[in-house]
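Structure first, then comments.
The values are calculated or read from the model by the stated rules, or taken from the named source; none is laboratory data. The structure displayed is predicted, hence computed values, not measured ones. Using ideal geometry, Cβ is built from the backbone for each residue, glycine included, and neighbour counts are taken over all protein chains shown. When the accessible area is computed, the model is the full protein with side chains, heavy atoms only, and any ligands, DNA or RNA have been set aside. Shrake-Rupley method; radii C 1.70, N 1.55, O 1.52, S 1.80 Å.
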Amino acid sequence: MMNINTLIIGAGAAGMMCAAHAGPGTLVVDHAKAAGEKIRISGGGRCNFTNMHASAANFISRNPHFCKSALKRYTQWDFIALVDAYRIAWHEKTLGQLFCDDTAKDIVAMLRAEMDKARAQLWLQTSVGALHHDGTHFHVQLIRDGQMTQVVAKNLVVACGGKSIPKMGATGLAYQIAAQFSVPVVETRAGLVPFTFGEDRFKPLAGVALPSRISADGPAFDEALLFTHRGLSGPAILQASSYWQPGNSICVNLDPHGGLLAFLKEQRQAQGRKALTTVMGQYLPARLVDYLSAELQLAGNIADQSDARLQDISEGICRWILPPTGTEGYRTAEVTLGGIDTDALSSRTMGVKSLPGLYFIGEAVDVTGWLGGYNFQWAWSSGWAAGQAI
Ligand code: FDA
């Protein structure tokens, strides 16, 4: 039997941040071989650790106000100050997204150092068995190296993430713990995930990437679009996927800056004897123009096209309506939408209102950020908020 103040399940972004602030007598357990594995692989190995423009507007939740308190009390600037204190060099890539210059491992090492400073213990390769609450304390069975330890803790922080990428250790344990303590859960689904289409729909276009504006049941995102063997991906698609309602179509604008019509009219004057497809291939990727030529009836020379016809073509390029068959699901999703119902939690502490001492933080909660460093910021802010409250 081991008596501690706080047990944190999950040594990911949120759990480590919480451990650094939860005070003495904190034990963090994780079934993985190493802490912060998602941090390590994130951002192509450079970790997009926050976003300079982070605000509640960049998050999806049934209660869009819930995330405000934690995001305001532990901001992107607080995390940047921590990164600077550890002399980790960083740069803005695009759209306020901050990445390490060198490696994401620097962020993991920084959080481990912060945990050590706070004297938090870390047990890896530890699985969680039966747990219950006796009215004042949590009793949790932990299995490590084949040995069972019964831990008694005043506080239990559930920081074991969502369901995304089971290959990396996601288990959905947070939702089971929620169910056990009658904490409601908003239905979960994969977010920031590529769309799939019927067999081979975009096979001839695999590898083509271009700027785009994509919308699906939510805001439009101006970012890159990537055609793949399985369907559509790229940042604009991942962003839109978090808003998409199954069964609906998405709207793809392949001319987000709106210059195609003027370009075609100009070229009609300058090189009227060229084929329409050749001219369009000077503006858009040639493989894409080939692919669209049947659908948009791109025939004849550019000189043969009336203003109305050029207008139609431009509209077709700006409003390509596509019905996804689905998404790639949790296998490749960067995040899990939905999760612990925020109505059950205090927005100040992340504590469960009906059971003092129980906390949910990070991705397990029904707060999901856009692509671009927002999800880590939520992990830092919610982890910090719980740590402060304990
Ligand atoms: P996280 O998943 O980080 O940690 C949960 C921990 O709990 C893990 O260590 C896991 O092993 C452990 N665990 C799970 N089940 C357990 C069990 N049953 N028993 C014991 N331990 C258990 N976001 C961002 O802002 N910028 C970025 O660059 C990226 N990039 C990115 C790339 C990829 C490939 C993915 C999949 C995701 C991202 N994200 C991201 C999203 C980001 O990784 C995610 O939002 C945070 O890691 C969530 O932090 P948490 O601490 O809540 O969960």
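Each Cα pair of the stretch 211-330 feeds into the Kirkwood radius, which the Stokes-Einstein equation turns, at 20 °C and 1.002 mPa s, into a diffusion coefficient of 141 µm²/s.
Approximating the spin labels as points 7 Å out from Cα along Cα→Cβ, the Q297-to-C251 distance works out to 2.4 nm.
Would you compute, from DSSP H runs of 4+ residues alone, the mean residue ellipticity of the chain at 222 nm, taking -39500 (n - 2.57) per run and dividing by the full residue count, rounded to the nearest 500? My calculation for the chain gives -8000 deg cm²/dmol from helical runs alone.
Neighbours of T6, meaning other residues whose beta-carbon lies under 13 angstrom from its beta-carbon, give a summed charge of +2 when Lys and Arg score +1 and Asp and Glu score -1.
Counting only heavy atoms of the protein chains and using a 1.4 Å probe, F376 has close to 40 Å² of accessible surface. With both residues required to sit in the chain, DSSP beta bridges show an antiparallel share near 75%. Apolar share of the accessible surface for the chain: 51 percent from carbon plus sulfur atoms, 1.4 Å probe.
Which three semi-axes in whole Å describe the equivalent ellipsoid of the stretch 320-373, each the square root of 5 times a Cα gyration tensor eigenvalue, listed largest first?
Values: eigenvalues 189, 24, 22 Å².
They are 31, 11, 11 Å, listed from largest to smallest.
The base-10 log of I(q)/I(0) for the stretch 256-295, evaluated at q = 0.17, 0.21, 0.27, 0.29 Å⁻¹, reads -0.43, -0.65, -0.97, -1.05 [Debye formula, identical scatterers on Cα atoms, solvent excluded]. For a paramagnetic label modelled on Q125 (point 7 Å from Cα along Cα→Cβ), amide N atoms under 12 Å away belong, within the stretch 140-174, to 144-147.
Using just the alpha carbons, could you tell me how many Å³ per residue the convex hull of the stretch 121-171 encloses? Before the final figure, lay out each step's value.
Numbers: hull volume 5.1 nm³, N = 51.
About 100 Å³ per residue, rounded to a whole number.
What FRET efficiency comes out for the pair H65/K154, r = Cβ-Cβ distance, R0 = 25 Å, nearest 0.05? The formula returns an efficiency of 0.30 here. Converting phi to 3J(HN,Hα) with the Karplus coefficients 6.51, -1.76 and 1.60 and the offset θ = phi - 60°, the stretch 271-279 yields 9, x, 8, 7, 5, 3, 5, 5, 5 Hz in sequence order, with x at every glycine or proline. One equal scatterer on each Cα of the stretch 52-133, no solvent, Debye formula: the resulting log10 I(q)/I(0) at q = 0.14, 0.18 Å⁻¹ is -0.73, -0.99. When the convex hull of its Cα atoms is viewed from all sides, the chain shows a mean projected area of 20.6 nm². All other residues whose Cβ lies under 15 angstrom from that of G207 are scored, Lys and Arg at +1 and Asp and Glu at -1, for a net of +2.
Semi-axes of the equivalent ellipsoid of the stretch 56-208: what are they in whole Å, largest first, if each equals the square root of 5 times a C-alpha gyration tensor eigenvalue? Please report the intermediate quantities before stating the final value.
Numbers: eigenvalues 207, 131, 75 Å².
So the three semi-axes of the stretch 56-208 are 32, 26, 19 Å.
Between M1 and S354, what is the spin-label point distance in nm, taking each point 7 Å from the Cα along the Cα→C-beta axis? Rounded to a tenth, the inter-label distance reads 2.9 nm.
Using a probe of 1.4 angstrom and keeping all protein chains present, the accessible surface of the chain works out to 43 square angstrom per residue.
Starting from the Cα of S306, move 7 Å in the Cα-to-Cβ direction to define the label point; list residues of the stretch 247-268 whose amide nitrogen is under 18 Å from there. What the label zone holds, given the 18 Å backbone N cut-off, is 265, 268.
Would you mind pulling out the separation of the Cα centroids of the stretch 356-380 and the stretch 16-36, in Å? When both Cα centres are located, 16 Å separates them.
Assuming R0 = 25 Å, can you tell me the calculated FRET efficiency for the pair K105 and K72, based on Cβ-Cβ distance, to the nearest 0.05? Spell out each step's value before the answer.
Numbers: r = 30 Å, r/R0 = 1.19.
After rounding to 0.05, the efficiency reads 0.25.
Peptides 128-139, 64-75 ranked from most to least packed give 64-75, 128-139, packing being the mean of other C-beta atoms within 10 angstrom over each peptide's residues.
Given their separation in residues at 0.36 nm each and the Cα-Cα distance between them, L95 and A209 gain 39.2 nm when the chain is fully extended.
When the alpha-carbon atoms of the stretch 249-390 are used, the pair Rg, Dmax equals 25.1, 76 angstrom.
Relative to the current alpha-carbon distance between D134 and Q180, full extension at 0.36 nm per residue lengthens the span by 15.2 nm.
Do the alpha carbons of any pairs in K203/K265; K154/K353; K167/K353; K93/K274; K68/K163; K105/K154 sit beyond 27 Å of each other, and which pairs? Mind showing how you got there, number by number?
On the way: K203/K265 31 Å; K154/K353 15 Å; K167/K353 33 Å; K93/K274 39 Å; K68/K163 24 Å; K105/K154 32 Å.
Table pairs above 27 Å Cα-Cα are K203/K265; K167/K353; K93/K274; K105/K154.
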